[in-house]
2 protein chains.
Amino acid sequence: MCEYGLMIFSVHVEVRLRPGIADPQGSTIERAMPTLGFSGVSGVRVGKSIRFEIDAADEAAARSEAEDLCNRFLTNPVIEDAIVELEPVGVAS
Amino acid sequence: MCEYGLMIFSVHVEVRLRPGIADPQGSTIERAMPTLGFSGVSGVRVGKSIRFEIDAADEAAARSEAEDLCNRFLTNPVIEDAIVELEPVGVAS
């Protein structure tokens, strides 16, 4: 996969529960806050953050592969959506 | 907690394993990639993404409370670190 001219992209995927989907983990954190001495915290939602590097010919190819990966394996599209951010970090040797 | 003049800040906390800490979940995803038809993916690291809103007098107070919360409850500082991002989204009624 180290063909001449491939670039390396750093990818950050944030997987979030869709609005309206119950988030028991977030609710538990939120309910605990006042007891722990933190007031004024609301709307706690917990998701996943996945970072990786991907070799691709250009940014469009990298984004396409990352989004495909998200839709097929990293998220459950019925209840989750994903935000994909990527930036070039170098050239594959 | 809705005193006059409080602002609402949207907070995003990304909790990551510190460099060098083993990430079995990330390794498993990475090993599965070639079989699933994705080549060129490396360095997969899985963390948590926590979003919430916080009422505070100003951005410094909001950041201070969010970072305190991270250090005390949302992360295990021995093996994890956190990136805190916040932005004002309105005024508490």
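Computed values, structure above
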{"quantity": "Highest average packing first - A:54-61, A:23-30, Cβ atoms within 10 Å", "calculated": "A:54-61, A:23-30"}
{"quantity": "Average beta-carbon neighbours from other chains, 10 Å sphere, peptide A:51-58", "calculated": "5"}
{"quantity": "Average Cα contact separation per residue, chain A, under 8 Å, 6 or more apart, as relative contact order %", "calculated": "53"}
{"quantity": "B:Ile83 versus A:Leu36: modelled label distance in nm, points set 7 Å from Cα along the beta carbon direction", "calculated": "2.2"}
{"quantity": "Estimated Rh, the protein assembly as shown: Kirkwood, alpha-carbon pairs, angstrom", "calculated": "18.0"}
{"quantity": "The range B:7-91: proportion of alpha-carbon pairs further apart than 22 angstrom, %", "calculated": "42"}
{"quantity": "Coil-residue chymotrypsin sites (Phe, Trp or Tyr not before Pro) of chain A, DSSP, other Cβ within 10 Å capped at 16", "calculated": "A:Tyr4"}
{"quantity": "Chain B, helix-only ellipticity at 222 nm - DSSP H runs n ≥ 4, -39,500 (n - 2.57), divided by all residues, nearest 500", "calculated": "-6500 deg cm²/dmol"}
{"quantity": "Cβ-vector label at 7 Å, A:Val91, separations to other copies in nm", "calculated": "5.4"}
{"quantity": "Nearest-0.05 FRET efficiency for A:Val91 and A:Asn71, computed from C-beta distance (R0 25 Å)", "calculated": "0.35"}
{"quantity": "Cβ-vector label at 7 Å, B:Val78, separations to other copies in nm", "calculated": "3.8"}
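Every number here is computed from the coordinates shown, using simple stated rules; none is lab data. Treat the numbers as computed from the prediction; the structure is a model and nothing was measured. Here the Cβ is made from the backbone with ideal geometry for all residues, glycine too, and neighbour counts use every protein chain on show.
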